Amino acid sequence: MGEAIVITSGKGGVGKTTTSANIGTSLALSGKKVCLVDTDIGLRNLDVLMGLENRIIYDLVDVVEERCKLHQALIKDKRFECLFLLPAAQTKDKSSVQPEQMKKIISELKQDYDYVIIDCPAGIEQGFKNAVAGADKSIVVTNPEISSVRDADRIIGLLEQEDVEAPKLIVNRVRNHLAKSGDMLDVDEIVSILAIELIGVVVDDENVIKAANKGEPIAMSPSSKASIAYRNIARRILGESVPLSTIEEEKGFFSKIKTLLGMR
Amino acid sequence: MAMAQKLQHNVTIKGTKDGLVLLLDDLCSFEHLLEELNDKLSDDHGQLLNGPLISVIVKTGNRYLTDQQSGLIREIIGQKKNLEIKRFETNVITVAEAEEMKKEAQIMRVSKVVRSGQVLSVQGDLLLIGDVNPGGTIVATGNIFVLGSLKGIAHSGSSGNREAVIAASVMKPTQLRIADMINRAPDHYPEHGHEMECAFISDEEGQILIDRISIVHKIRPELNRL
Ligand SMILES: Nc1ncnc2c1ncn2[C@@H]1O[C@H](COP(=O)(O)OP(=O)(O)OP(=O)(O)O)[C@@H](O)[C@H]1O
Ligand SMILES: [Mg+2]
């Protein structure tokens, strides 16, 4: 039986879909059976990022309304035999699915897949509730700017009320020169405000956007910094202890605490 | 029989420099008590019960009075126009009242991060071990102590206690409220000087002030339980 991880943020456009696609791809690279689930009904993107848009026949709402079986709606990835996508409907809205129905679908998927990665829509309403309903774990994505961190804080509070494990944090689109000059929040500050465990830091990398436009997740091209960051996040999800490297983050929050305590 | 009852001392009237103290026996029946109170007050004691306004403290010992019973006593005393009941003093309260008192006197210890959109509300004092993030709110009927950063809204003395204080390890709130008074934060915090501070209502200034935590014992000596 696999585990379901919801990727959420509160604020829109911070990189939930990019993160979902790349974590999913990285886990598949490690040979895991992965199903990506797009719950952003009406604004689906995950299929485009994965380059699978042209293969969609049925979607999440079709499954819920029993126009097809769950396995009929799943699309196999171009690159991996073990990676699948359950696309969202584009013509409906968030209210066409209920949390209970999501729960059922996710638990069915967990029977067949090692990891079910759920891409959550922005906001705190119905779409969020649906996305979280079936999840065992959660990852909160934020950018290094105040409004995004504020919304992440709100979402973490809401997740605390749900039946999911304590969320982990990804800080996405970090630009080191800005943090150093004090024009942007640095990762330490964000982690100390949100007070949850950091699972990865992804730099702002134009290759991410280029890759998205090609329908090929950045995690496929091993040379870029962003790709390494996503692969490392996947390894941490798999339980490996990969230190937050200097590229990802210089002088982490936790090492800072230890300095205070006089430990090594 | 009637004479014998009259001789009992179920109601004792004592004069003090602040007025009168009525000591009501707590073992006799309530009817006897009312009867005797009535008699004693009707007996003219000269200037004491007729002169200028006198304040009265009613001590009921170990007798529990219902609202209705204390109403009857008020009625009798009220017949004497120059007597004004200042308060009832009793040794006994109901369990419900006791629980309420206990809640008001207790320190609620909570360990969590109060996040944007969350409200943490307690009766009595609040000891929060953790931060209050911007957009988060903490409320207490008593004092508030934050072992962490206060960056959201804190409201102490929420049911009207203007003596309540708000203390925090790092004091950077967006807004402070004490009882019915509200102060918002300055638009920019200075880089330094917001650690270990305490907020209180200053009667001279007529607003909430923030000062070093070390001066609190002077401003609010009643915080001490030692
Ligand atoms: N690390 C990165 N570096 C550069 N660009 C990035 C990075 N991560 C995401 N982006 C870009 O940011 C934009 C928003 O990303 P994405 O669609 O993943 O966000 P989202 O949180 O899913 O948005 P929505 O709330 O609309 O669903 C995209 O154009 C994406 O290519
Ligand atoms: Mg998205």
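Values for this structure:
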read-out: Enumeration of residues in segment A:199-224 that are free of Cβ contacts under 8 Å to residues at least 12 places away in the same chain and either within 11 Å of ligand 1 (Cβ to nearest atom) or buried (at least 16 other Cβ atoms within 10 Å of the Cβ) (or both); value: A:GLU206, A:ILE209, A:LYS210, A:ALA211, A:ASN213
read-out: Tally of residues being in a helix (DSSP H, G or I), crowded, with 21+ Cβ neighbours inside 10 Å and within 16 Å of ligand 2 (Cβ to nearest atom) across segment A:49-65; value: 2
read-out: Single unsatisfied condition, B:ILE138 versus (1) at the interface with another protein chain (Cβ under 8 Å from one of its Cβ atoms); (2) touching a strand residue (DSSP E or B) at 6+ places or on another chain (Cβ under 6 Å); value: (1)
read-out: Residue in segment A:140-151 that is under 15 Å from the mean Cα position of the chain (by Cα) and within 14 Å of chain B (Cβ to nearest Cβ) present; value: yes
read-out: Selected residue [over 23 Å from B:LEU120 (Cα atoms), outside any helix (DSSP H, G or I), more than 16 Å from ligand 2 (Cβ to nearest atom) and acidic (Asp, Glu)] from A:ASP183, A:ASP163, A:ASP188; value: A:ASP183
read-out: Among the candidates B:ASN161, B:ASN224, B:ASN183, residue that is within 21 Å of B:LYS102 (Cα to Cα) and either buried (at least 17 other Cβ atoms within 10 Å of the Cβ) or touching a residue at least 12 places away in the same chain (Cβ under 8 Å) (or both); value: B:ASN161
read-out: In segment A:31-79, the residues that are out of contact with any Cys (no Cβ under 9 Å at 6 or more places or on another chain), β-branched (Val, Ile, Thr) and in contact (Cβ under 8 Å) with a residue 40 or more places away in the chain; value: A:VAL37, A:ILE41, A:VAL48, A:VAL63, A:VAL64
read-out: Some residue of segment B:106-129 being more than 14 Å from chain A (Cβ to nearest Cβ) and farther than 30 Å from A:LEU194 by Cα; value: no
read-out: Which numbered condition B:GLY136 fails, given (1) under 19 Å from B:ILE210 (Cα atoms); (2) small (Gly, Ala, Ser); (3) surrounded by 24 or more Cβ atoms within 10 Å (Cβ to Cβ); value: (1)
read-out: Test result for A:SER30, away from ligand 2 (no atom under 16 Å from the Cβ), away from chain B (no Cβ under 14 Å) and buried (at least 24 other Cβ atoms within 10 Å of the Cβ); value: no
read-out: Failed criterion for A:ASP119 (all others in (1) within 14 Å of chain B (Cβ to nearest Cβ); (2) modelled with pLDDT of 95 or more; (3) touching a strand residue (DSSP E or B) at 6+ places or on another chain (Cβ under 9 Å) hold); value: (1)
read-out: A:ILE117 β-branched (Val, Ile, Thr) and either surrounded by fewer than 23 Cβ atoms within 10 Å (Cβ to Cβ) or over 16 Å from the mean Cα position of the chain (by Cα) (or both); value: no
read-out: Boolean, B:ASP26 is assigned to a loop (DSSP other than H, G, I, E, B), among the acidic types (Asp, Glu) and in contact (Cβ under 8 Å) with a residue 24 or more places away in the chain; value: yes
read-out: Condition met for B:GLY71 (within 14 Å of chain A (Cβ to nearest Cβ), free of Cβ contacts under 8 Å to residues at least 60 places away in the same chain and either over 14 Å from B:PRO173 (Cα atoms) or buried (at least 17 other Cβ atoms within 10 Å of the Cβ) (or both)); value: no
read-out: Test: residue in segment A:70-92 that is hydroxyl-bearing (Ser, Thr, Tyr) and either within 16 Å of ligand 1 (Cβ to nearest atom) or buried (at least 17 other Cβ atoms within 10 Å of the Cβ) (or both); value: no
read-out: Selection status of A:LEU185, buried (at least 17 other Cβ atoms within 10 Å of the Cβ) and within 22 Å of A:PHE128 (Cα to Cα); value: no
read-out: Qualifying residue in segment A:168-176 (condition: assigned to a loop (DSSP other than H, G, I, E, B), without any contact (Cβ under 8 Å) to a residue 12 or more places away in the chain, over 14 Å from the mean Cα position of the chain (by Cα) and away from every other protein chain (no Cβ under 13 Å)); value: no
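The values are calculated or read from the model by the stated rules, or taken from the named source; none is laboratory data. Note that the structure is a prediction, hence the values are computed from the model and not measured. Please note: Cβ atoms are built from the backbone with ideal geometry, for glycine as well, and neighbour counts cover all protein chains shown.
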